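The values are calculated or read from the model by the stated rules, or taken from the named source; none is laboratory data. Only a predicted model underlies this, so the values are computations on that prediction, with no experimental measurement involved. Note that each Cβ is placed from the backbone with ideal geometry, even for glycine, and that neighbours are counted across all protein chains shown. All accessible areas refer to the heavy atoms of the entire protein, side chains included, with ligands and DNA or RNA removed. Shrake-Rupley method; radii C 1.70, N 1.55, O 1.52, S 1.80 Å.
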Amino acid sequence: MLLLKSLRPLRRLLPPPLRRPSASKSHSHLSLPSRRPARPPRAAAAAMGSVAGDAVRLAYPPVRRDESVVDTYHGAQIPDPYRWLEDPDSEETKEFVAAQAELAESVLAGCADREGLRREVTRLFDHPRHAAPFRRGDNYFHFHNSGLQAQSVLYVQDDLEGEAEVLLDPNTLSKDGTVALSTYSISEDGKYIAYGLSESGSDWITIRVMRIADRQAMPDKLSWVKFSSISWTHDGKGFFYGRYPAPGVELDAGTETNINLNHQIYYHILGSDQSEDILCWKDPENPKHSLGASVTEDGKYIILGTYDGCDPVNKLYYCEISSLPQGIEGFRDTKEMLPFVKLIDNFDAQYQVVANDGDEFTFLTNKNAPKNKLVRVNIKTPEVWTDVLPEHERDVLESADAVNGNQLVVCYMSDVKHTLQIRDLTTGNFLHQLPLEIGSVSEISCRREDKEVFIGFTSFLSPGIIYRCNLASTIPEMKTFREISVPGFDRTSFEVKQIFVPSKDGTKIPMFIMSKKDIELDGSHPTLLYGYGGFNISITPSFSVSRLVLCKNMGSVVCIANIRGGGEYGEEWHKAGALAKKQNCFDDFVACAEQLISFGYTSSKKICIEGGSNGGLLIAACINQRPDLFGCALAHVGVMDMLRFHKFTIGHAWTTDYGCSDKEEEFGWLIKYSPLHNVRRPWEQSFGDNCQYPATMLLTADHDDRVVPLHSLKLLATMQHVLCTSIENSPQTNPIIGRIDRKSGHGAGRPTKKLIDEAADRYSFMSKMLGATWTE
């Protein structure tokens, strides 16, 4: 599939899985260490809603409050005393960060299991990992990580049995592994690779080019690229990419908070300076829109997608390359944009190119089909659209990839588990079911001309399998090509269940539960409950070393709640947890926690909740609304100021899921759950005199230019003030701390050591706060 979906800047608040360029058709996170939306990790057990008798109150650093900062929203006066923390470059903000880092380290230094966790997670992480191979020109390419390498390495080989040679090793580009390969594309003839590098986890990337045959670095260097794929024209002369205008001032890219506006599509001619790049499309009348351009697999068309926010909807234009008398290069001197034809010029639905035969295109769309379907149209006579594969009654059509000339590999999601089928491209008719265990398809690597497809699979108990499926025979032959093995991991010692939890309004919420086999349901188990619930993102089964350590060494139960707002059951499920219905997400999550208690897995003092990005918002909102229900909370890179998020970097794109405080009705939704504006002393509410907030760790990073650190910093200052420092002998003895990482961003491209260090920190924090017992 031509993955126009992958070109959208923020379908997800968390890092999109690193995808192969659209023509290679992989749906994978190629960085190998799992980078799912905020990895579901571990848990432990102890003090929470009641004040521990021997609890020691932390000495929180003094933080200035500026009571003069008050905003008026539709007649409501809203104080913002920590507005000054929005300036990341001020000395006062830097002093705040330093003081909070020192406080957090003092707490973590007292966590007895910290080094044990670090040692065990490191040991289990140290295993070889492979991604699926793909072909370009006469060569095959694949990613591989030997175990503890900071970044995975791209290899090239003549054939699949031949010796693999290093093509691009990001580990040589920085001493600490913080330069990551963010995106890449190999030219159609396999002669060149264009690749984007990100530093310190920032969304900004710099595109470079290498000649593959002799590994010769080319002089090309493209800056201020963001939310972009790279797509070569088939003549190999150059490629399309997306960028923002240069800021005009010197800055440490990734630490700024400036709003991202005026995304543009350029064509870069190989060997030229970026100043000579051809501006192909811009839309100054709609500066918040984002753009993506890809070349169809037959090389004949340029497809332009326009996106307004994060909803699964897009405009779709096309340009026939052969219709350009002087080619694309002819527009270098005219200063005109390419003559795109507007096929879809509204935001009614999503359209992704699956395949085309000349002018006849097959699209995956949610037009009148919230669970998606395949349609066909002749783009030159677009009056008639024909259904090729109608919407399934219950299952979500996740993807469709053309292969073997006239066949499709079709991936469905059924109750948060993937299934694969082979279908006829022309008719949509079912041909074969491919055998899969219960789990997730992590990548599909094929092109239409290929007679075989490589399929990546993972699950809670499967570190990863690459299947090689031969479609040339009458019945598809599916064999294991490579299987990842984790030393010391015995999957037969664990079990995974899926249950369906009735939420507040009766809606059944799927939840996976992983634990050691045959545990006694006596309410004693430290339990991790993870959720996301937004932006049409589905949290499907995946393997995690950290989760494994939790279950194996702490006797923990690990749970993933597939709450509304995600994409698990299509667009209706997404919309049921967005905008005015966002409260459903929190209600679903609370219902899952209560069910775990009622089933005897755990107790409120032994539940740790975790989420990242939109899931960080989920965690913060839930501890505000139900501080009595949880023993520990880990909120990663969360959207915490719901009244001002749209003012920073790409935050304006999230209004499609949240709404915007500039509008009175939407302000009414947001103010009710915005974490920053709903911190209350639970002992003064209806929870009882002894109730306090759970032990809480807010995690952020200095180069997070997706959800900028100010969200977590302002909430951290607010929680410490309201719950701890503004009252003498506060009942709040559970710690409220912030882990602020350096040279890191929202999560993508984080080196292995940083992943392990963070896991050791937050897991040991949970272990101490929840009283979990470590066993070897």
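Odds and ends about this structure:
- ARG208, sole failed condition from (1) open to solvent by 10 Å² or more (accessible area, probe 1.4 Å); (2) in contact with a helix residue (DSSP H, G or I) (Cβ under 6 Å, 6 or more places away or on another chain): (2)
- Taking the criterion of being in contact (Cβ under 8 Å) with a residue 40 or more places away in the chain and open to solvent by 50 Å² or more (accessible area, probe 1.4 Å), the residues of region 298-333 that qualify are ASP298, LYS300, ASP308, GLU329, ARG332.
- The residue list THR474, THR480, THR458 contains one member that is hydroxyl-bearing (Ser, Thr, Tyr), open to solvent by 30 Å² or more (accessible area, probe 1.4 Å) and closer than 27 Å to ASP415 by Cβ, which is THR480.
- Here LYS743 meets the list (1) in a helix (DSSP H, G or I); (2) modelled with pLDDT under 95; (3) of a type in the set (Lys, Arg) almost entirely, failing just condition (1).
- The single condition among (1) within 14 Å of TYR601 (Cβ to Cβ); (2) in a strand (DSSP E or B); (3) open to solvent by 10 Å² or more (accessible area, probe 1.4 Å); (4) of a type outside the set (A, V, I, L, M) that GLY523 does not satisfy is (2).
- ASP71 being assigned to a loop (DSSP other than H, G, I, E, B) and within 29 Å of HIS646 (Cβ to Cβ): no
- Some residue of region 276-288 being under 19 Å from GLY330 (Cα atoms) and surrounded by fewer than 17 Cβ atoms within 10 Å (Cβ to Cβ): yes
- The residues on offer are ILE619, ILE650, ILE597, and the sole one that is out of contact with any Pro (no Cβ under 8 Å at 6 or more places or on another chain), open to solvent by less than 10 Å² (accessible area, probe 1.4 Å), on the phi < 0 side of the Ramachandran plot and among the β-branched types (Val, Ile, Thr) is ILE619.
- The number of residues in region 368-417 being out of contact with any Ser or Thr (no Cβ under 7 Å at 6 or more places or on another chain), within 19 Å of ARG448 (Cα to Cα) and part of a loop (DSSP other than H, G, I, E, B) comes to 2.
- Search result, residues across region 728-763 that are within 20 Å of the chain's Cα centre (by Cα), among the small types (Gly, Ala, Ser) and farther than 17 Å from ARG123 by Cβ: SER744, GLY745, GLY747, ALA748, GLY749
- Residue, nearest to ASP704 (Cα to Cα), within region 167-205, restricted to residues that are hydrophobic (A, V, I, L, M, F, W, C) and open to solvent by 20 Å² or more (accessible area, probe 1.4 Å): TRP204
- Residue count, region 427-442 (criterion: more than 14 Å from ILE465 (Cα to Cα), open to solvent by less than 80 Å² (accessible area, probe 1.4 Å) and assigned to a loop (DSSP other than H, G, I, E, B)): 2
- Hits in region 442-481 - residues which are within 30 Å of the chain's Cα centre (by Cα) and more than 16 Å from PRO133 (Cα to Cα): THR458, SER459, PHE460, LEU461, SER462, PRO463
- Breaking point among (1) part of a strand (DSSP E or B); (2) open to solvent by 60 Å² or more (accessible area, probe 1.4 Å); (3) touching a helix residue (DSSP H, G or I) at 6+ places or on another chain (Cβ under 8 Å), for LEU529: (2)
- Some residue of region 660-668 being surrounded by fewer than 24 Cβ atoms within 10 Å (Cβ to Cβ), in contact with a helix residue (DSSP H, G or I) (Cβ under 6 Å, 6 or more places away or on another chain) and either without any contact (Cβ under 8 Å) to a residue 24 or more places away in the chain or in a loop (DSSP other than H, G, I, E, B) (or both): yes
- Residue match in region 700-711 (condition: under 29 Å from PRO312 (Cβ atoms) and either over 21 Å from the mean Cα position of the chain (by Cα) or part of a helix (DSSP H, G or I) (or both)): yes
- When residues of region 334-376 are limited to those that are in contact with a Lys or Arg (Cβ under 7 Å, 6 or more places away or on another chain) and small (Gly, Ala, Ser), the one surrounded by the fewest Cβ atoms within 10 Å (Cβ to Cβ): ALA349
- Test: residue in region 420-441 that is closer than 20 Å to LEU397 by Cβ, acidic (Asp, Glu) and within 24 Å of the chain's Cα centre (by Cα): no
- You will find that of ASN678, ASN690, the residue that is touching a Ser or Thr at 6+ places or on another chain (Cβ under 6 Å) and either open to solvent by less than 10 Å² (accessible area, probe 1.4 Å) or over 17 Å from ALA59 (Cβ atoms) (or both) is ASN690 and no other.
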